[in-house]
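To start, the structure under review is shown below, and the notes come after it.
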Amino acid sequence: MSPITKLWLSILKTNDTITTPEFHNLLPEILTHCASYTNPTSDPNSPPMHAFFQNIDNPVQILMITGYPTQEMNTAADVTYAQKYLSRVFQLVEHGWLKQLDLDVRSLPLDSDEIVLRLCDAPQEPGTDGAVGAWDVWPQTEQGIRMRQSGGFGEEKTWVEVSDGSQTGIAEVLRFRKIEGVEAR
């Protein structure tokens, strides 16, 4: 199986959530949980595979980028994540969207303090701009299935590029800054 990367955009329920100890303590717990699958020996020389960012222009938007070597490892991590953290997470945020990319997360600039996420209907120039096809995988989750059954939404494919610089002529450009002090423990 190929490596995968997930991008989860969530929206803070209140503007001050980002500053609460509950939120700031929860994020490193989540990163540590994710890293327990991808870096079980806590090797400090391993590249980051999980990070949280805050939208610079719309600070209530939080982006979690997470990656796994295989879909099976992602599924195993998701099951335990949902059991342990999801109810706490949804006390603080609402779901925006969840995209899955067939891309190794280590190719993304997770070490950068700021990243740019470009979303568009199709790559600008196929094969030349670094855009990767992404699927909205939320409808496949337990929570998404319940939303779809209630008429919440359908599936959609978009193209995504994550970089440390902005480009023009794109349907939507989101700029994010890494949330300070949030690292796996």
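The values are calculated or read from the model by the stated rules, or taken from the named source; none is laboratory data. The shown structure was predicted, so the numbers you read here are calculated from the model rather than taken from an experiment. In this analysis, Cβ positions are derived from the backbone assuming ideal geometry, glycine residues included, and neighbour counts consider all displayed protein chains.
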Worksheet item: So which residues in the stretch 10-29 are touching a helix residue (DSSP H, G or I) at 6+ places or on another chain (Cβ under 9 Å), outside any loop (DSSP other than H, G, I, E, B) and not aliphatic (A, V, I, L, M)?
Response: S10, T17, E22, F23, H24, E29
Worksheet item: Residues A122, A76, A82: which one is over 16 Å from the mean Cα position of the chain (by Cα), modelled with pLDDT of 85 or more and surrounded by fewer than 16 Cβ atoms within 10 Å (Cβ to Cβ)?
Response: A76
Item to complete: Among the numbered conditions (1) more than 28 Å from N15 (Cβ to Cβ); (2) within 14 Å of the chain's Cα centre (by Cα), tell me where S42 comes up short.
Response: (2)
Worksheet item: In this structure, does T32 turn out to be assigned to a helix (DSSP H, G or I), touching a residue at least 60 places away in the same chain (Cβ under 8 Å), farther than 17 Å from V93 by Cβ and of a type in the set (V, I, T)?
Response: yes
Worksheet item: Within the stretch 50-83, restricting attention to residues that are outside any helix (DSSP H, G or I) and β-branched (V, I, T), which residue is farthest from P109 (Cα to Cα)?
Response: V60
